[in-house]
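Everything below concerns the one structure shown next.
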Amino acid sequence: MILLALDTALNACSVALVEDGRVLASQSEPMVRGHQERLALMVQEVMAKADLPFCALDRIAVTVGPGSFTGLRVGMAFAKGLALALDRPCIGIGSLQALGASVSPEGLVAAVIDGRRGQLYVQAFIDGHPVMAPDALSAEVAAARLGELWQGGPVTLVGPGASALAGIFAQAVVIELAAADPAAIAQQASIAPIVPPKPLYLRAPDAKLPGGITPPDLDL
Amino acid sequence: MSPSAAAHSTATVTVLGIETSCDETAASVVRLGPEGSVVLSSIIDSQIAKHAPFGGVVPEIAARAHVEAIDHVIRAAMDEAGLGYEDLDGVAATAGPGLVGGVMVGLSAGKAIALARGLPLMAVNHLEGHAVSARLEADVAYPFLLLLTSGGHCQLLDVAGIGRCQRLGTTIDDAAGEAFDKIAKTMGLPYPGGPALERLAEGGDPTRYPLPIALLGRQDCDFSFSGLKTAAARIAVTLTTEDERRDLAAAVQGAIARQLTERTERAMALHGQDRGPKDRRFVVAGGVAANGTVRAALLAACEKQGYSFAAPPLRYCTDNAAMIALAGAERLVLGLTDPLDVAARPRWPLDEAMAASNPIHKPSRKGAKA
């Protein structure tokens, strides 16, 4: 199975072309903005490097968040466009899941993204299996949750917000990855059920109803 | 015209258009040939219900809705056209001006389709889409005088052809559609206010409340609606009966139509100076062109000034992707395609030289809006 994985959710623009776990070509460039301009050319370059036509793709994978609202929409819109034009399935992978899969799965792995406004986006895995859903938490609550989940053994904190929780486990390995390894995204997507990508913002739009009322049930 | 463009001009091209610059997710397939254009499909997924509680378009809510809807809307447009991607000659997407979070969604999806199928990409200016909208399935030749009037824009343009627009005038404050919407909001009408205000105005007496009409008789072709907005808001709070509300709605509509018409006639005097009867063509486009009173007043002005009148059908006045597909198809025929790293532009005047040299507002850090 040949997969193309895209990630524009965080401070990098990344593309990987993977066949049955083997990376055929990949590219990742750090950037805070400019994903929209760069992504199409990077995909073109990666396909050219592997000398593959687009019709050779079996699946498209894309990170769905949490992350930069604009970044993840660029990636998802692009992935949906590819999937439509090629008539192939498109699979959404959580950004925290992708970060967690970018490091050795042994023990407790916590993926952490700084969500700003005093929030961390956190998801934890034990031996590669998720043990909590992605959530937006204060540093204190996140530390308490991870403390409850830890059953002894190695601890890895990974992601652009990892250092915010570095103090809670003396023995933790802290890996401040700016963004996920796109090959890990492809790997996750190769075993995922085919579910269309749905954005995971973990934060409601900043919109108030007339009179300054916070609207109920805005989709996260 | 370049030699390559001339070679293309007898060809027939089929283009997918994508529009996501405000609160409609839209896709359309248009075929353009020597005989003119045919709209093979035009799908519009409106977000009005999502924004209505807020009384206006919320950019982040719009962007979220676009990314959820974009693939369904494009698929529906291709299905309705009965075509596969192999039948397309190019992909056109709105690249601005507009709410950039939404623009990026449509532009990214368009780039992906163009890249995956090896098709040329046309990054279309949304205003150019409105400019060509009267040419959808109709024989409206260039050049023409264009009144582009919507919720975001109010401009008079001399349109010589694709990519060749000269701005004659623009609003110095609000757009006409913005005035409609905001006055409607102060009168307690539901969003979008323009159509609601038009319905309320039916049978009303437009002379009961005299309202200010700005810039009458001025030598330029600019517009201003903020004084009207304030005056109408002051009256609106004093009204008690349904009759009074109907008369105010009629007065507002009449005042907007009057200013649009007076300023347009001024532009006709300038534009028509050296033009024979055949080249005196007038086009009105944009959401406000859907208003019956405005249309009727402009039609009368055309008769008075010796101009032919054209307006797109109502479904192509408001935002749609057919106009983007047509602008893209016209660009493709001229060889005007764009690279895959083209940026989304929140601000993108049609007449960049005029917007830069004679800005109505002091341009912000990001440049002139339109």
Is it the case that some residue within the stretch B:71-85 is surrounded by fewer than 24 Cβ atoms within 10 Å (Cβ to Cβ), at the interface with chain A (Cβ under 8 Å from one of its Cβ atoms) and charged (D, E, K, R)?
-> yes
Restricting attention to strands (runs of 3 or more DSSP E) lying wholly within the stretch A:10-114, give those where 2 or more residues are in contact with a strand residue (DSSP E or B) (Cβ under 9 Å, 6 or more places away or on another chain), buried (at least 24 other Cβ atoms within 10 Å of the Cβ) and away from chain B (no Cβ under 14 Å).
-> A:12-19
Can we say A:Leu177 is within 14 Å of chain B (Cβ to nearest Cβ) and closer than 29 Å to A:Gln151 by Cβ?
-> no
Specify which of the listed residues (A:Ile191, A:Ile175, A:Ile126) is in contact (Cβ under 8 Å) with a residue 60 or more places away in the chain and of a type in the set (A, V, I, L, M, F, W, C).
-> A:Ile175
Can you tell me which of B:Glu303, B:Glu352 is at pLDDT below 95 and more than 14 Å from chain A (Cβ to nearest Cβ)?
-> B:Glu352
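Just to be sure, is B:Gly254 closer than 22 Å to B:Gln155 by Cβ, assigned to a loop (DSSP other than H, G, I, E, B) and not polar (S, T, N, Q)?
Judged against the criteria, B:Gly254 is not a match.
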Matching residues in the stretch B:248-295 - criterion: being surrounded by 18 or more Cβ atoms within 10 Å (Cβ to Cβ) and free of Cβ contacts under 8 Å to residues at least 24 places away in the same chain = B:Arg295
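If I filter the stretch A:151-167 down to residues being hydrophobic (A, V, I, L, M, F, W, C) and crowded, with 18+ Cβ neighbours inside 10 Å, which single residue comes out as farthest from A:Tyr201 (Cα to Cα)?
Initially, the stretch A:151-167 is screened for residues hydrophobic (A, V, I, L, M, F, W, C), giving A:155, A:157-158, A:162, A:164-166.
In the following step, the residues that additionally are crowded, with 18+ Cβ neighbours inside 10 Å were identified as A:155, A:157-158, A:162, A:164-165.
Working: A:Val155: 26, A:Leu157: 21, A:Val158: 19, A:Ala162: 19, A:Ala164: 20, A:Leu165: 21 Å.
This residue is A:Val155.
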Pairs with Cβ under 8 Å, 6+ apart, first in the stretch A:146-161 and under 28 Å from A:Asn11 (Cα atoms), second acidic (Asp, Glu) and not in a loop (DSSP other than H, G, I, E, B) = A:Pro160/A:Asp114; A:Gly161/A:Asp114
Residue ID - modelled with the lowest pLDDT, chosen from residues in the stretch A:202-218 that are within 24 Å of A:Asp114 (Cα to Cα) and surrounded by 14 or more Cβ atoms within 10 Å (Cβ to Cβ) = A:Leu218
Please go through the stretch B:96-144 and pick out each residue that is away from chain A (no Cβ under 14 Å) and of a type in the set (D, E, K, R).
-> B:Glu128, B:Arg135, B:Glu137, B:Asp139
Subset tally (residues that are of a type outside the set (Ser, Thr, Tyr) and touching a residue at least 40 places away in the same chain (Cβ under 8 Å)) for the stretch B:296-312 | 7
Candidates A:Ala192, A:Ala180, filtered to the one that is buried (at least 20 other Cβ atoms within 10 Å of the Cβ) and under 24 Å from the mean Cα position of the chain (by Cα) | A:Ala180
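Each row is one residue, and each column tells you yes or no for (1) under 30 Å from B:Arg280 (Cβ atoms); (2) touching a strand residue (DSSP E or B) at 6+ places or on another chain (Cβ under 7 Å); (3) in a helix (DSSP H, G or I).
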position: B:Cys221; (1), (2), (3): yes, yes, no
position: B:Ala232; (1), (2), (3): no, no, yes
position: B:Ile235; (1), (2), (3): no, no, yes
position: B:Ala250; (1), (2), (3): no, no, yes
position: B:Thr261; (1), (2), (3): yes, no, yes
position: B:Arg266; (1), (2), (3): yes, no, yes
Cβ-Cβ under 8 Å pairs, at least 6 apart or on other chains, the stretch A:200-215 side within 11 Å of chain B (Cβ to nearest Cβ) and at negative phi, far side outside any loop (DSSP other than H, G, I, E, B) and small (Gly, Ala, Ser) = A:Arg203/A:Gly115; A:Arg203/A:Ala136
Index of the failed condition, B:Asp89 passing every other in (1) buried (at least 22 other Cβ atoms within 10 Å of the Cβ); (2) more than 11 Å from every other protein chain (Cβ to nearest Cβ); (3) closer than 21 Å to B:Arg331 by Cα | (1)
May I ask you to list pairs of residues, at least six apart or on different chains, whose Cβ atoms are under 9 Å apart, with the first in the stretch B:46-58 being touching a residue at least 40 places away in the same chain (Cβ under 8 Å) and more than 11 Å from every other protein chain (Cβ to nearest Cβ) and the second being of a type in the set (Asp, Glu) and crowded, with 16+ Cβ neighbours inside 10 Å?
-> B:Ile48/B:Asp23; B:Ile48/B:Glu24
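Which count do you get for residues in the stretch B:22-43 that are crowded, with 19+ Cβ neighbours inside 10 Å and away from chain A (no Cβ under 12 Å)?
Final tally of qualifying residues: 15.
The values are calculated or read from the model by the stated rules, or taken from the named source; none is laboratory data. Quantities reported herein were computed from a predicted structural model and do not represent experimental measurements. Here the Cβ is made from the backbone with ideal geometry for all residues, glycine too, and neighbour counts use every protein chain on show.
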